[in-house]
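Below: one structure, written as C-alpha cells.
Please treat every number below as a calculation from the coordinates, not as lab data. Small disclaimer: the values here were computed from a predicted structure and weren't measured. Cβ coordinates were reconstructed from backbone atoms using ideal geometry, including for glycine residues, and neighbour counts include every protein chain displayed.
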Amino acid sequence: MIGILRGPTPADQHGGSLSHFVLRAAVVFVVLALLAGCSNTGFNVPDPVPDDRRDIPPPNKQKIHILADGFDKQISRQFGQMFDNSRNLRKLFGKPKQAMNVNAFDEIDDSSWFTNRNAKKQMPIEEIKRGPNTGGGPETAGPWTIIGAKTEGVTPGFTIEDSEGGRFVIKFDPKGWPEMTTSAELISTKLFYASGYNTPENYLTYFDPKILRVGDVMIEDNGEKRSMNENDLRNILARVDTARDGKIRAVASKFIDGKLIGPFKYHKTRKDDPNDLIPHEHRRELRGLRVIAAWLNHYDTKANNSLDAYVEEDGRRFVKHFLIDFGSTLGSEGDEPKPVWTGYENTFDPHQVTLNTLALGLYVPSWEKKREIRYRSIGLFDSHAFHPQKFKFIFPNLAFENLTKRDGYWGAKIVTSFTDEQLEAAVSVAEYSDPNAAAYLVGVLKERRDIVGRYWFSRVNTLDNFDVADGALSFTDLAFERGYRAQAQCQYTIRKNGEIITEYGELEELDRSTGSLSIPLPPSESGLLEVRLRNRIGDGDKWSKWLSVYVNTDDDSGDYSLVAIMRGD
Amino acid sequence: MKAQSSDVESDEEAADSTRASSEKRPSRELWERVLSFPGEVVYFPFWLGLTAAGGAIALNEEYDIDRKVIDFLTSEDGRLGVLPVFEPRSGAGAQFFARDYLNERSKFTATASAGLRARQLYELRFKRVDLFGSLLTSAYLVQYRSQPDERFFGIGPTTSTDNESNFKHESITGRILLGKRFGERFQTDLVLGLRHNIVAGGEDDRKPSTTELFTESSLPGLEKENLMGEVQVAFQYDGRNRPVRPSSGFETSLVGGVRSQMNNDLFGFTVVEVDLKTYLHIHRARILRFRLAGQFADPFDDREIPFYELSELGRTETIRGLTRGRFRDRDMILGSVEYRYPIWRVLDAHLFVDAGQVAGSIFDDFKTGDLEFTFGGGFRMWKRSGILAALQLGFGDDGVRVHFTLN
C-alpha cells in the first residue's frame, strides 16, 4: 500500500484494473510495474500507520504448538514459497517487498512493539545497566513460596512469590556451567531493551535455598498431574549450579504486568487485536530483529519465545508485544553451551542436509573448525565464521526471510549504535566472577558488532541523520562516523520542480571529529527540492545507490523542512 | 527539522494527502494475489497434505497422544510393554517385552508378526540372563518362521536371474547360548540349537516353484523335513573406540560349528565363519570402514548340505546390491569398503562398494571374473544408544535393492 503525495505512479494507474487481464497480460504488467519504480520522478511514502496503542477490548489467549510451528516454518511454508509467483518474481527483479510500517524517513515510530532507544539517542550507561527494570528484584530475606514449577525437561525452574507478594520466574545455571545461562539472560535483556524491544524485567539474585517453601503446586510427572513435594524441589536444585557459599545464583524474571495472551507469530496479524494492522512479516522491527538477534547469537527466535500481554498504560488498554527467554543467547543453550552448529543450520535443515549429502563429506564448513569454549561461564561464543546475513535460526522465520537491505541497514544502525562503554556496562550486570571472562565477552560482542556494521554499511547508502538549518542540508555518513570507512565521500544533485540546479557536487570528510557533511541549499523559494545523494561504500570506490531527500519551503516563513527520505534498496 | 522518528508528525499532521487507515493491511497486493493464483492451485493438494500433517502434529502436542499411547502400552516403570515391530522379511506385528525381570539388563520378548503371502514369525526370546551369579550370561530362543516365497537361483557363482524360482521354508528353532565375557572387549559364546525344517513349493505365482524345477536328488534338502542339531563356538573381539558410530579400531568374530541331522543321517557339515571390520578415521567424523568376511561349509563324508543352509550372498549383511538368496554355494567370501560422513547432527550418509563370490571351494575355485560387485549408499539415523533407522540402496547387475531397518 503506497500513498502518493505527488500524483499517481504508473504502477498505481494500472493496479486497479489488473484483475481484468489474462495471465500473460498480468505478467507483462507486473514486470512493467516492478520496473516503473525505478523511473518514478515523484516520491512515494507508505501509508501512515495509526498508533497501535489505542484502547481495545481484551483479546483471547493464543497458543502455538512448538513442533507444529516448526513443521509449518521448516517444511510447509518453505515448500509453499516455491509456488509463490509474485514473491519469486520480486526476487528475480530485485524488487523485494519493503516493510509496511516505516514512516517518511524510513524509520519506525514508537509502538506497542518497539520504542526507539539507543539508535535514536545514546542511552547513558546507567540506563543501559537498568534496562527494563523498575525495582530491585525479589526480596531474598523472607520466604519464597513456590507457586509453579517445571520439574521435567532439560531446564528446570519454578515460579515464586516473595515475602512482598512479587511474582518471579526463577531461572538457573546448569550444573557445571556457572554463570553461563543467567549471564546470557541478563546481558541480552539489557541489549534487546536498549535496542528498542519490550522485554521482561530480569534481576540477578543470589538466594539461600532454605527460604524456599513448596506451595500448592501441581506438577507433571510422567504425564500425570500431582502435587509437588520437597523431594521434587530437591531434584530441581540438584540439577542447578550452586555457589560455594551454598547460595544459588539465579535470574528472577518478573511477571509481565497485564493479562498474558500467549506468543505472537512472525507472520500475519492477530485477528482479535484491532490495533494489529500490519502483517508481522512486513514489520520493520521484526525483520530487523534478524540483524540484532544474529549479533547476540539469539538462535532460538521461535514464536514461543515471545509474549503478548494485554496491558493498561496511560488509561488505554492494548496488546503489548514482548521478546522473552534469552537464556539461549550468546554462548549459552540454556542447559548446555551452544553447540557448534548453532547459527549455521536450522534445527532440522533439509536444505543443508541435501547439500551435505551431495558434498560427500568433502567440504568441511569453517564453523566446524577451530572453535573452543574459553570460559565455562560464557559457553561457546565467538566471532569466528560469524556472518550476519547467513546466520540461521532455529527454523526459518517469515519476517526474517523478508529482510531487505533497508531493513538490514536499520538493524545494523541499532547494533552499531552501541559503544564499547555501553557494551561493557551491559556485560557488567552479569557480575562475572572472572574479569577475564567478562573482557572476553565484551571483545566478542564488539567484534560481532563491527562485522555487522561492515557488512550492512557496505551494501546501502549510509548517509543519515539529515537536518536542515541555516539554509543547508546537513547529514553524516554512518559508515564513516562509526569507523567502518576511512573517509566519507559523496556526490549530490539538487533538483527543483524537476529542473537540475546543481549536478554532481562533491563532498568529502576525513576527520570524524569535525561532525557532519553539509550542502548549502539554494535561496528560499516556495516549492519542493529534491537532493539526490550517493556515497562511497565498502572498502573500495564503489558508489551506493542514490538516496533522495525532499525538502520543502514554507510559503510564509521561508524555512526549510524535511519532508521525506527515499532510500534505495 | 531533523529526520528522526521522534519528530515524526502525529496522525493529523501526516495526513495531508492520505489518512491513517485503521484497516488491516493485506500482506499481498491485488496483482501479487492474481499472479500467485496459478501457483496456489498447483500447491493446493500439497497444502492439504502438509496442513493435515501439521494439524496432526499440533493435535498430538495438544493432547500428548504419543505419550499417552506409550503410557497405555507400557508399564509405569517402563519395564513391561508392547511395541509395534516391522521387518520386511516377516512383516508387521507386535512385541511384548519385559526388562530386568531376572537380573539387571535381562530382557524377555514375545513377538508375533505377519506379512505378504502369509509370511509369519512367532518368537520367544530371553536375552542376557545371568547364570551362576554373573559368571556366565545366557540367551534362549524359541522361534517359528514361515517364509512362503524364498528365492532360489541355483548353486554356484554364475547363476542367472532367468533361473529364479521360489520355495516355502518353515522352521522351528530352539537355541541356547552360553556366553562368557573377558574384560570389556572379548567375548566367547557356546551355542546349542535344534531346528526343524520343512521345505515345500513356493507360493509366489509370478515365479516357478523350485519343486517344479528340481528333485530331491538334484537339490539336497528339497521337500524333506529334517531336524538339524547345531553346536557352535564363537569368539568375538571388539576393539572399536565406541559401539555407535565407531571411528577407529577393529572388531572381529570367528565362529566354528557343526550341524548335523538328528532324525536321519542325510545331512551333516561343519561351518566356519570369519568376519573382520576395521575403521579408519579420515577427518572430522569422516570414516572409512573395511570389511572382509567369509563362510565356509564342508559336508561330512557321504553327507550333504541342505541347499538353504549353504553359504549365501544376498542377505543384508552380505552384499547389499544383490537380491536375497542370489548366490549359494558351500563357500563364500566378501569384501566391502564403506565411506561414512555426517550430513546432520543425528544423520550420517554412506557410500559403499561390496564385492563377493561363492564357490564350491573358494580356495580352489576362486575366479576374479566371477566376483560380484555392487555399490550404493544410504543413511543411518542414530542416537547415543544405537542406530535408530537405516535406509540403504544397493545397485547391482540385477537392479536395485532397498534395505530398511528400524530399531
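Could you compute Rg(Cα) / (2.2 N^0.38 Å) for segment A:316-432, with N its residue count?
Working: Rg = 17.2 Å, N = 117, 2.2 N^0.38 = 13.4 Å.
Compared with the compact-globule rule of thumb, segment A:316-432 sits at 1.28.
What is the mean number of Cβ atoms from other protein chains located within 10 Å of the Cβ atom of each residue in peptide A:234-242, rounded to a whole number?
Working: counts 0, 0, 0, 0, 0, 0, 0, 0, 0.
Average per residue, whole number: 0.
Could you work out the per residue convex hull volume over the alpha carbons of segment A:308-385, in cubic angstrom?
Numbers: hull volume 11.8 nm³, N = 78.
Dividing the Cα hull volume of segment A:308-385 by its residues yields 152 Å³.
Take the Cβ-Cβ distance between B:V337 and A:D556 as r, set R0 to 60 Å, and report the resulting FRET efficiency rounded to the nearest 0.05.
Numbers: r = 88 Å, r/R0 = 1.47.
For R0 = 60 Å, the calculated efficiency reads 0.10.
Tell me, what is a quarter of the convex hull surface for the C-alpha atoms of segment A:463-567, in nm² with one decimal? Don't jump to the answer; show the numbers that get you there.
Numbers: hull surface 25.4 nm².
Convex hull of Cα atoms, orientation-averaged projection: 6.3 nm².
Rounded to whole Å and sorted largest first, what semi-axes of the equivalent ellipsoid does the C-alpha gyration tensor of segment B:269-356 yield via the square root of 5 times each eigenvalue?
Working: eigenvalues 218, 35, 14 Å².
Computed over segment B:269-356, the values are 33, 13, 8 Å.
If all Cα-Cα distances of segment B:150-226 are sorted into 5 Å bins from 0 onward, what percent lands in each bin, rounded to whole numbers?
3, 13, 18, 15, 12, 10, 9, 9, 7, 4, 1
Tally Lys and Arg at +1 and Asp and Glu at -1 over the other residues with C-beta under 9 Å from the C-beta of A:S377: what net charge comes out? Let's see the in-between values first.
Values: positive: A:R376; negative: A:D173, A:E179, A:D434.
The answer is -2.
What residues of segment B:130-170 lie in the reach of a label at B:S218, counting those whose backbone N is under 12 Å from a point 7 Å from the Cα along Cα→Cβ?
Counting only backbone N, you get B:154-155.
Once you average over the residues of A:348-360, how many Cβ atoms of partner chains fall within 10 Å of each Cβ?
Values: counts 4, 2, 1, 0, 2, 6, 1, 1, 6, 7, 2, 3, 7.
Partner Cβ neighbours, averaged per residue: 3.
Going by alpha carbons, how many degrees (0 to 90, nearest 10) lie between the helix axis of B:30-63 and the longest principal axis of chain B?
It works out to around 60 degrees.
Given labels modelled 7 Å from the Cα in the Cβ direction, how far is it in nm from B:F366 to B:A92?
Modelled inter-label distance: 4.5 nm.
What nm distance separates the two modelled labels at B:A389 and B:F300, each placed 7 Å from Cα along Cα→Cβ?
4.8 nm
Need the list of aspartates and glutamates near A:K97 for cross-linking: C-alpha distance under 18 angstrom, and skip anything on the same chain fewer than eight residues off.
Hits, sequence-local ones excluded: A:D12, A:D47, A:D84, A:D106, A:E107, A:E281, A:E285, A:E401, A:D407, A:D569, B:E29, B:E32.
Given a cut-off of 25 Å, name the pairs among A:K150/A:K254; A:K392/B:K24; A:K302/A:K405; A:K268/A:K545; A:K120/A:K171; A:K302/A:K390 whose C-alpha atoms lie farther apart than that in the structure shown. Present the calculation step by step, with values, prior to reporting the outcome.
Values: A:K150/A:K254 17 Å; A:K392/B:K24 30 Å; A:K302/A:K405 23 Å; A:K268/A:K545 31 Å; A:K120/A:K171 32 Å; A:K302/A:K390 17 Å.
In this structure, A:K392/B:K24; A:K268/A:K545; A:K120/A:K171 exceed 25 Å between Cα atoms.
Can you tell me how much longer the chain between A:E499 and A:D541 gets when fully stretched, taken as 0.36 nm per residue apart minus their C-alpha distance, in nm with one decimal?
12.3 nm
Which helices count as membrane-span-like in chain A under these terms: full DSSP H, at least 18 Å along the axis by C-alpha, Kyte-Doolittle mean of 0.0 or more?
Details: long enough: A:23-36 (19 Å, 2.68); A:180-195 (22 Å, 0.45); A:435-457 (32 Å, -0.04).
What comes out of the filter, once short or polar helices are dropped, is A:23-36, A:180-195.
If you average 1/r across every pair of different Cα atoms in segment A:218-335 and take the reciprocal, what Kirkwood value do you get, in Å? Before the final figure, lay out the partial values.
Numbers: mean 1/r = 0.0569 Å⁻¹.
For segment A:218-335, inverting the mean 1/r across all distinct Cα pairs yields 17.6 Å.
Write down the Kirkwood hydrodynamic radius of the protein assembly as shown, to one decimal in angstroms, obtained as one divided by the mean of 1/r over all alpha carbon pairs.
Values: mean 1/r = 0.0295 Å⁻¹.
Evaluated on the protein assembly as shown, it is 33.8 Å.
State the three equivalent ellipsoid semi-axes of segment B:135-406, derived from the C-alpha gyration tensor as the square roots of 5 times its eigenvalues, in descending order and whole Å. Provide the component values of the computation, followed by the final result.
Values: eigenvalues 202, 116, 62 Å².
After diagonalising the Cα gyration tensor, the semi-axes are 32, 24, 18 Å.
Taking all pairs of different Cα atoms in chain A, averaging 1/r and flipping that mean, what Kirkwood radius in angstroms comes out?
Values: mean 1/r = 0.0385 Å⁻¹.
Final number for the Kirkwood radius of chain A is 26.0 Å.
Label points 7 Å out from Cα along the Cβ direction at A:T514 and A:I66: separation in nm?
Once both label points are built, they end up 5.7 nm from each other.
Within a 10 angstrom radius of the beta carbon, how do A:F326, A:F83, B:F352 rank from fewest other beta carbons to most? Don't skip to the end; give the middle numbers.
On the way: A:F326 29, A:F83 18, B:F352 21.
Ascending Cβ contact count within 10 Å gives the list A:F83, B:F352, A:F326.
Starting from the Cα of A:H351, move 7 Å in the Cα-to-Cβ direction to define the label point; list residues of segment A:51-75 whose amide nitrogen is under 17 Å from there.
In segment A:51-75, the label zone of A:H351 (backbone N under 17 Å from the point 7 Å along Cα→Cβ) covers A:70-75.
Compute for segment A:131-260: radius of gyration divided by Kirkwood radius, i.e. Rg/Rh, restricted to C-alpha atoms, rounded to two decimals.
Working: Rg = 14.6 Å, Rh = 15.2 Å.
So for segment A:131-260, dividing Rg by the Kirkwood Rh gives 0.96.
Jot down the radius of gyration and Dmax of segment A:160-225, Cα atoms only, both in angstrom.
15.1, 42
Give me the inter-chain shielding for A:82-89: mean count of other chain Cβ atoms within 10 Å, whole number please.
Details: counts 4, 10, 7, 8, 10, 5, 3, 4.
So the per-residue partner count for this stretch is 6.
Alpha carbon centre of segment A:117-173 versus segment A:360-437: separation in Å?
The two parts, judged by their Cα centres, are 24 Å apart.
Just tell me which lysines come within less than 22 Å, Cα to Cα, of A:K121; anything on the same chain fewer than 8 places away is out.
Within the straight-line limit of under 22 Å, A:K121 reaches these lysines: A:K129, A:K190, A:K413, A:K446, B:K2.
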